[in-house]
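The structure is given below, and queries will be raised subsequently.
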């Protein structure tokens, strides 16, 4: 089997990026969205990605920095045909298909990548709805950032063809893809997904066993949680916390800048997955959830994608 037709479930920050990058690399891509309103929210993300890809490719064409995920050979970017790559970006933009018809979206899918909100029950319900619609050949991957594939495998109706495929944000330049199976994942499916990741310009990071948070979030989430704890306890404001981290570690970004990039809806969903959020209103997770929802999400401050989160963006 060769993966050619890709269906992405969800058009959020990463869903839109996975779809655009896959289309840019020549795959036939469909994005499934639940409603016409979801399509209206997704299209501006695709418009933005289109502009970014053209800008980055034109910079590279004129001797500027090169994003590794955009060129065939990152070790030799001078060998790239940038006019052809610009044409690929245009073709990706015009070729993406958005639909609210799930049966149509998956009818010929070789690979389905689920990129829904970080809510286990919603994912389980969706996989159960999708299962009878899938062709026998289809591999299903979740882009969940914290949930284990073994917790969702049975709901897909094809546990042997189910695994996790997780991307870092801004995948055209932070081009890693973490591949994580569970104890019933068919090695052949695992290898096909790892090859797909490479084919769309990612560097496959192959995990040997399940780990909530994979590699990157096992390192990143504790930092983000600690920073949010400092904020919700009134220890310091986001700018001071970020400045402290950046100056002390030479990091280019602080945790609250990173949270704005990830998106505050995702941050909120991660916090809501903690059991004590629902049982102890005085705990840090519950207080943080309240802060994120009332002071940011309810006010439309979702991070970089909306122009404001912990910081304002032009």
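Before we move on, is residue 78 at pLDDT below 95 and part of a helix (DSSP H, G or I)?
Yes: the conditions hold for residue 78.
Then there is this: Give me the residue from segment 222-239 that is surrounded by 14 or more Cβ atoms within 10 Å (Cβ to Cβ) and without any contact (Cβ under 8 Å) to a residue 60 or more places away in the chain and, out of that set, nearest to residue 259 (Cα to Cα).
224
Report, by residue number, each residue of segment 22-46 that is surrounded by 24 or more Cβ atoms within 10 Å (Cβ to Cβ), assigned to a helix (DSSP H, G or I) and touching a strand residue (DSSP E or B) at 6+ places or on another chain (Cβ under 9 Å).
22, 23
How do the pairs read when you match residues in segment 119-130 that are modelled with pLDDT of 95 or more with residues anywhere that are buried (at least 16 other Cβ atoms within 10 Å of the Cβ) and part of a helix (DSSP H, G or I), using Cβ under 7 Å and keeping only pairs 6 or more apart or on different chains?
Within 7 Å, the pairs are 124/155; 127/155; 127/156; 128/155; 130/102; 130/106.
Check whether at least one residue in segment 179-191 is out of contact with any strand residue (DSSP E or B) (no Cβ under 6 Å at 6 or more places or on another chain), buried (at least 16 other Cβ atoms within 10 Å of the Cβ), in contact (Cβ under 8 Å) with a residue 12 or more places away in the chain and farther than 21 Å from residue 215 by Cβ, and report yes or no.
Yes.
Being surrounded by 15 or more Cβ atoms within 10 Å (Cβ to Cβ), in a strand (DSSP E or B), assigned by TED's automatic domain parsing to the domain that holds residue 20 and in contact (Cβ under 8 Å) with a residue 60 or more places away in the chain narrows it down to one of 140, 113, so name that one.
113 is the lone residue from the list that is surrounded by 15 or more Cβ atoms within 10 Å (Cβ to Cβ), in a strand (DSSP E or B), assigned by TED's automatic domain parsing to the domain that holds residue 20 and in contact (Cβ under 8 Å) with a residue 60 or more places away in the chain.
Ok, one more. Confirm whether residue 170 is part of a helix (DSSP H, G or I), within 18 Å of residue 14 (Cβ to Cβ) and at pLDDT below 95.
no
Same structure, new question: Within segment 47-70, can you find the residues that are assigned to a loop (DSSP other than H, G, I, E, B) and free of Cβ contacts under 8 Å to residues at least 40 places away in the same chain?
Of everything in segment 47-70, those that are assigned to a loop (DSSP other than H, G, I, E, B) and free of Cβ contacts under 8 Å to residues at least 40 places away in the same chain turn out to be 62, 63, 64, 65, 66.
Let me ask another. Determine, yes or no, whether residue 210 is outside any strand (DSSP E or B), closer than 30 Å to residue 1 by Cα, touching a strand residue (DSSP E or B) at 6+ places or on another chain (Cβ under 8 Å) and touching a residue at least 12 places away in the same chain (Cβ under 8 Å).
yes
Could you say whether any residue in segment 256-278 is outside any helix (DSSP H, G or I), surrounded by fewer than 20 Cβ atoms within 10 Å (Cβ to Cβ) and modelled with pLDDT of 95 or more?
There is no residue in segment 256-278 that is outside any helix (DSSP H, G or I), surrounded by fewer than 20 Cβ atoms within 10 Å (Cβ to Cβ) and modelled with pLDDT of 95 or more.
The values are calculated or read from the model by the stated rules, or taken from the named source; none is laboratory data. Treat the numbers as computed from the prediction; the structure is a model and nothing was measured. A quick note on method: Cβ atoms are made from the backbone with ideal geometry, for glycine too, and the neighbour counts reach across all protein chains shown.
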